[in-house]
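J.: Below you'll find the structure I mean.
The values are calculated or read from the model by the stated rules, or taken from the named source; none is laboratory data. As the structure is a prediction and not an experimental result, all values here were calculated from the model. Note: ideal-geometry Cβ built from the backbone for every residue, glycine included; neighbour counts use all protein chains shown. Surface accessibility is based on the protein's heavy atoms, side chains included, excluding ligands, DNA and RNA. Shrake-Rupley method; radii C 1.70, N 1.55, O 1.52, S 1.80 Å.
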Amino acid sequence: MGKTGGFLIYDRQTMPTEDPRERVKDYKEFHQRLTPEQQQIQGARCMNCGTPFCQTGMLIKGRVTGCPLHNLIPEWNELVYQGNWKAALERLLLTNPFPEFTGRVCPAPCEAGCNLGLNMPPTAIHDDELAIIEEGFKRGLVSPQIPAWRSGKKVAVIGSGPSGLAAAHQLNQRGHQVTVYERHDRIGGLLMYGIPNMKLDKDVVLRRLDILRQEGVAFVTNTEIKTAADAKDLLDRYDAVVLCCGSTQARDLRVPGRELSGIYMAVDFLSRNTKSLLDSALTDGQAISAKGKDVIIVGGGDTGTDCVGTSLRHGARSVTQFEIMDRPPLERAPGNPWPEWPNVYKLDYGQEENAVLHGSDPRQYLTTITDLLGTDGHLTRCRLRERKRNGPRICC
C-alpha cells in the first residue's frame, strides 16, 4: 500500500490549471504538473484496499465505476509513493498501452470507485497515472519495444483512432506485420481531430505514433475502405482484417428548421477547428468560427463541453448549452451511494471558463429544442421546451 495511514495525514491535491482568462487565449494544454515529490504524497493516500473497487470496471445501474482496463492501481500507487517510477511504469503498461491519452481525457471512473470516496476525497488516481507516464518519458524510460520475432502474418487495421492504435499495438507486439488505414490526412482518428488540442495536445499523439512506427507498425492515410472491391482487396492481401471504424455517425436533431444554415454537427465543428489549427494556426479560413456569435450548444456531455471551450477560444459573444437532464445535486443523493458513479453537479473546464468570462454556467437544464427558426435561410432563433417539475413550458 502507500503510506500506512497516509489518507489520514495528507489531503487530496490535483494538478493545478492555468487561469481561465489566460488559457482561452490559445489552444495549449492548461493542466500543470505537480512535482514528483508532491505526486508521491498523492500516491501515499492509497489504502491498497482488500477489495479495490478502483480497478474493477463494473457496470452499476448502467454506469461504469472502477477502471474498465483493470489497471493495477494500488500497485502503482504504492510505487509512486516510493518514488520508483520505473517499476510504476512497468505495472501501468501491463494493462494500458497509452496512459498518456487516458491520463488526459479519461473521466476517471477509477476515482468514483476509490474506497476513500465513501466519506472523503478519493485518491488522485487520474493524476498519478499521467504522472507515471510523463515521468517515464522525462526519465528516458519509454522506448520502442521492437518484437523479437515475426509470425509472417499480415494484418490490416481499418481506422486509426484509440481502438485502431490499441489493436495495432497488441498485434504488432505479438509479431504480426500490421498496417493501419486512415481515411483522413492525419493518423489518430478521435485522438487527432475529435478531441481539442487544449485537452489532448497533438504533439502527445505524434510522440506515440513515432514509437509505433519504430516498433514496426505501418500507417496509410487518405485511404477510405468503403466498397466491396476495397474489402476484397484487403482480404486478398492480408491474413486478417480488424475493423476499428469508430463512431462518427452523429446523432442529429430532427426538428423543423434543421435545414437552416448556421447549424453544425459537433464532430464537424471540432474536427475542422483542429485541422485548421494544425494546418495554418487557424489562418486558412477552414474552421467554423464562432467569433462574435451567440452560440447554442445542444447536449451537456463531454463533447458539448469541448464545443463550449472551443467557442470561447474563438471569441464567441455568448454561449448557451442546453441539457435535457435535470441539474445534478451538489452532493450524492440517497439513491446514488458509493461506489456508483457520483451524479453530482460540477463545472468541467468549458463551463468553468464561461463562468469566469461571462459570469455563469452556460448550461440550461431540462431544456430541449422543438423548432429552429430563421430569416433568409439562416438560423436566427429557436423555440424551446423547458420541462418544469409541474409541467412543460414553451418559449422562444
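J.: When both residues are 6+ apart or on different chains and their Cβ atoms are under 6 Å apart, which pairs have a first residue that lies in segment 217-229 and is open to solvent by less than 70 Å² (accessible area, probe 1.4 Å), and a second that is not in a strand (DSSP E or B) and not small (Gly, Ala, Ser)?
T.: Pairs that qualify, where the first residue is open to solvent by less than 70 Å² (accessible area, probe 1.4 Å) and the partner is not in a strand (DSSP E or B) and not small (Gly, Ala, Ser), are 217/172; 219/187; 221/182; 221/185.
J.: In addition: Across segment 276-322, what is the total count of residues that are β-branched (Val, Ile, Thr), open to solvent by less than 60 Å² (accessible area, probe 1.4 Å), touching a helix residue (DSSP H, G or I) at 6+ places or on another chain (Cβ under 9 Å) and closer than 23 Å to residue 261 by Cβ?
T.: Result for segment 276-322: 6.
J.: Shifting gears a bit: Looking at residue 363 and the list (1) exposed (fewer than 15 other Cβ atoms within 10 Å of the Cβ); (2) over 28 Å from residue 57 (Cβ atoms), which single condition is not satisfied?
T.: (1)
J.: While we're here: Criterion first (at pLDDT below 95, open to solvent by 30 Å² or more (accessible area, probe 1.4 Å) and in contact with a Pro (Cβ under 9 Å, 6 or more places away or on another chain)) does residue 332 satisfy it?
T.: Values: at pLDDT below 95: yes; open to solvent by 30 Å² or more (accessible area, probe 1.4 Å): yes; in contact with a Pro (Cβ under 9 Å, 6 or more places away or on another chain): yes.
Yes, satisfied.
J.: While we're looking at this one, here's another question. Being open to solvent by less than 30 Å² (accessible area, probe 1.4 Å), part of a helix (DSSP H, G or I) and in contact with a Ser or Thr (Cβ under 9 Å, 6 or more places away or on another chain) is the requirement here; does residue 77 meet it?
T.: The answer is yes for residue 77.
J.: Do any helices (runs of 4 or more DSSP H) entirely within segment 99-210 hold 1 or more residues that are farther than 25 Å from residue 80 by Cα, and if so, which?
T.: Where helices (runs of 4 or more DSSP H) fall fully within segment 99-210 and carry at least 1 residues being farther than 25 Å from residue 80 by Cα, they are 162-173.
J.: While we're looking at this one, here's another question. Among the listed residues 92, 34, 69, which satisfies the condition of being among the aliphatic types (A, V, I, L, M), assigned to a helix (DSSP H, G or I) and either over 18 Å from residue 341 (Cβ atoms) or touching a residue at least 12 places away in the same chain (Cβ under 8 Å) (or both)?
T.: Result: 92 is the single residue among 92, 34, 69 that is among the aliphatic types (A, V, I, L, M), assigned to a helix (DSSP H, G or I) and either over 18 Å from residue 341 (Cβ atoms) or touching a residue at least 12 places away in the same chain (Cβ under 8 Å) (or both).
J.: Between a residue in segment 1-16 that is under 20 Å from residue 84 (Cβ atoms) and any residue that is open to solvent by 70 Å² or more (accessible area, probe 1.4 Å), which pairs come within a Cβ distance under 9 Å, given they are 6 or more apart or on different chains?
T.: What qualifies is 1/48; 1/81; 2/48; 2/81; 2/82; 3/9; 3/81; 6/81.
J.: I'd like to check something: does segment 19-33 contain any residue that is within 18 Å of residue 128 (Cβ to Cβ) and open to solvent by less than 30 Å² (accessible area, probe 1.4 Å)?
T.: No: segment 19-33 contains no residue that is within 18 Å of residue 128 (Cβ to Cβ) and open to solvent by less than 30 Å² (accessible area, probe 1.4 Å).
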